[in-house]
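For reference, the structure is listed below as structure tokens.
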Amino acid sequence: MLVQLALAVGALNILGKNRTASEPEGKTGIVNFVNSMLAKGTAKRTPEGISQDLASIGAQLKLTDDPNIPYDDIYTSRLYSFIRFETLDEFADQGIELLSDLVKNSKFPQDEVEKTRTEILSILKRESESTSKTCSNLFYAELFKDHPYGKTMLGDENTI
């Protein structure tokens, strides 16, 4: 007996234009920081509640690239920020409500801000030891000189 299972998956991508160009002077990396904080709580959801709500509808939420996975930077761009959300079609309404809550009602609890800051600083430290990341950042800084596209996407120790 052959059993065939077909699941329809819906995905929603939110792109923010002019990623580094929209960051105010002295706030380099703020877009990445805000994206990192989106799943850390809303007016009506805790971080644990968000995780449970995502799991209950089989959803995946991608807010930033995972620095521990090589070549996970397919969305990384100085031009755009991104949010990627996927869930089964049957949970689309719940998924859109959840994603909407994350984007519109995010809270930035101080303890989560400090955790996120520590995580990003750790990533920056690791990247500073990477020849390819260092070269890439130097290349963009030289290519774009005083243009915002020359800034790093994660910021630096002073701006995080």
Original post:
Can you give the relative contact order of the chain as a percent, counting alpha carbon pairs under 8 Å and 6+ residues apart?
Top reply: 37
Original post:
Given (1) 1.17; (2) 1.24; (3) 1.10, which label gives Cα Rg over 2.2 N^0.38 Å as computed from the coordinates?
Top reply: (1)
Original post:
Given a 1.4 Å probe and every protein chain left where it sits, what share in percent of the accessible area of the chain is carbon and sulfur?
Top reply: 55
Subject >> Qualifying chymotrypsin sites (Phe, Trp or Tyr not before Pro) for the stretch 17-108 [loop in DSSP, other Cβ within 10 Å: at most 13] >> reply: 71
**OP:** Find how many whole Å separate the alpha carbon centroid of the stretch 24-83 from the alpha carbon centroid of the stretch 134-153.
**Re:** 23
Subject >> Average accessible surface area per residue within the chain, 1.4 Å rolling probe, Å² >> reply: 64
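The values are calculated or read from the model by the stated rules, or taken from the named source; none is laboratory data. A quick note: this is a predicted structure, and the numbers were derived from the prediction, not measured. A quick note on method: Cβ atoms are made from the backbone with ideal geometry, for glycine too, and the neighbour counts reach across all protein chains shown. When the accessible area is computed, the model is the full protein with side chains, heavy atoms only, and any ligands, DNA or RNA have been set aside. Shrake-Rupley method; radii C 1.70, N 1.55, O 1.52, S 1.80 Å.
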